[in-house]
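Here's a structure for you.
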Amino acid sequence: MTRCGTVVLAGLPNAGKSSLLNALVGERLAIVSPKAQSTRAPVVGVLTRGDDQFIFTDPPGLLVPSYRLQEKMREAALRAVADTEVIAHLHPLPEYPAPPFERIAGLVAPPVVPVVTVYTKSDLVPPHRRPADAGLSVSAVTGEGLGLLLDALADRLPASPFHYPSDEMATQPLRFFAAEYVREAAFDLLEEELPYSVACEIDEFREDERPAYIRAVVYVERESQKGIVIGEGGRTIKAIGQAARARIEALMGTPVYLDLHVKVLGNWRRNDPVLRRLGYAT
């Protein structure tokens with residue numbers, strides 16, 4: 001009998017959700033940044049292990065929103081929680097203990113589906129300093145505890161045929177990941193608050209060409225930000241493009257020509273039609 005089901009990796013911002021997803025599926029699907037709130041739209045990864053298939057969802061963190069984009073991010077996270085069959089409540093081990101999941105999710109009662117509390121970033125806490133009752137502790141960096149975590153989650157999956165081929169790792173189109181990788185490079189290379197004003201949209205994606213051709217637009221909210229993203233002599237946007245292209249080529253397994261442009265889209269983080277167009281709102 002095979003088991004298959006959805007598992008949401010839920011928690012507060014910067015709990016290590018994206019790093020854990022990447023470690024579990026063995027591919028850098030979700031963008032990872034030391035800056036909090038880098039995940040804006042849920043990323044779905046698939047792992048098949050023996051008779052078990054896990055459909056992992058990495059949603060935005062359960063943040064307290066300050067503007068419209070963040071409201072949509074929290075809504076997306078709560079939809080993922082409502083639609084799942086198992087909740088993996090992630091919380092950094094250095095910040096033990098984890099608060100009750102219903103509190104951070106704003107639920108009036110505990111979820112009806114199983115909740116597994118998972119302490120992340122265990123590599124940051126020496127074994128002799130870990131609480132005895134911490135339970136499942138994992139590290140996306142060293143791989144510690146990943147097998148035990150999968151065992152615990154598998155026990156809670158429903159009996160079901162697989163939903164995806166056993167070699168599938170992602171359910172979203174390549175153009176989704178191309179836009180995410182551009183944004184990840186912007187998070188890495190731009191300082192302070194500027195990355196939060198950056199969005200990316202894929203204008204053209206010609207996968208069958210060699211090299212594959214991708215035309216992407218990087219949006220910012222103000223004209224002054226456009227100059228910073230481009231950089232002196234185009235150095236910054238070139239560095240963003242090089243970093244993003246390397247990630248895209250690794251995922252696609254083929255050379256890529258990434259054609260990046262920067263445009264101003266005023267106040268886009270507070271504009272519902274634009275948020276829907278960019279995939280941040282339903």
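The values are calculated or read from the model by the stated rules, or taken from the named source; none is laboratory data. All figures in this text were calculated on a predicted structure; none of them were measured in a lab. Cβ atoms come from the backbone with ideal geometry, glycine included; neighbour counts cover every protein chain shown. Each accessible area value is taken on the protein alone, full model and side chains, heavy atoms only, with ligands, DNA and RNA left out. Shrake-Rupley method; radii C 1.70, N 1.55, O 1.52, S 1.80 Å.
Excluding same-chain residues fewer than 8 positions from Lys72, which lysines have a Cα within less than 28 Å of its Cα?
Answer for Lys72, where 28 Å is the Cα cut-off: Lys17, Lys35, Lys121, Lys226, Lys263, listed by chain and number.
Using 0.36 nm per residue of separation minus the Cα-Cα distance, give me the extension gain between Glu27 and Tyr96 in nm, one decimal.
Contour length minus Cα-Cα distance gives 22.0 nm.
Calculate, for Asp83 and Glu207, the FRET efficiency according to 1/(1 + (r/R0)^6) with r their C-beta to C-beta distance and R0 35 Å; round to the nearest 0.05.
0.75
Mind jotting down the three principal axis lengths of the range 118-198 based on Cα atoms? Whole angstrom, largest first.
That gives 42, 41, 18 Å along the principal axes, largest extent first.
Tell me, what is the Rg over Rh of the range 1-106, with Rh the Kirkwood radius over Cα pairs?
Here the Rg-to-Rh quotient is 0.96.
Which chymotrypsin sites (Phe, Trp or Tyr not before Pro) in the range 34-81 pass both tests, a DSSP loop state and at most 12 other beta-carbon atoms within 10 Å?
Passing both the DSSP loop test and the Cβ count: Tyr67.
Evaluate E = 1/(1 + (r/R0)^6) for Lys35 and Asp259, where r is the Cβ-Cβ distance and R0 equals 30 Å; express this FRET efficiency to the nearest 0.05.
0.70
Something else: With all distinct Cα pairs included, what does the Kirkwood hydrodynamic radius of the chain come out to in Å, to one decimal, could you say?
Values: mean 1/r = 0.0506 Å⁻¹.
In the chain this quantity evaluates to 19.8 Å.
Now for a different question. What do you get for trypsin sites (Lys or Arg not before Pro) in the range 188-269 restricted to DSSP loop and a cutoff of at most 11 other Cβ within 10 Å of the site's Cβ?
Nothing satisfies the criteria.
I would also like to ask the following. State the percentage of accessible surface on the chain attributable to carbon and sulfur atoms; use a 1.4 Å probe and exclude ligands, DNA and RNA.
51 percent
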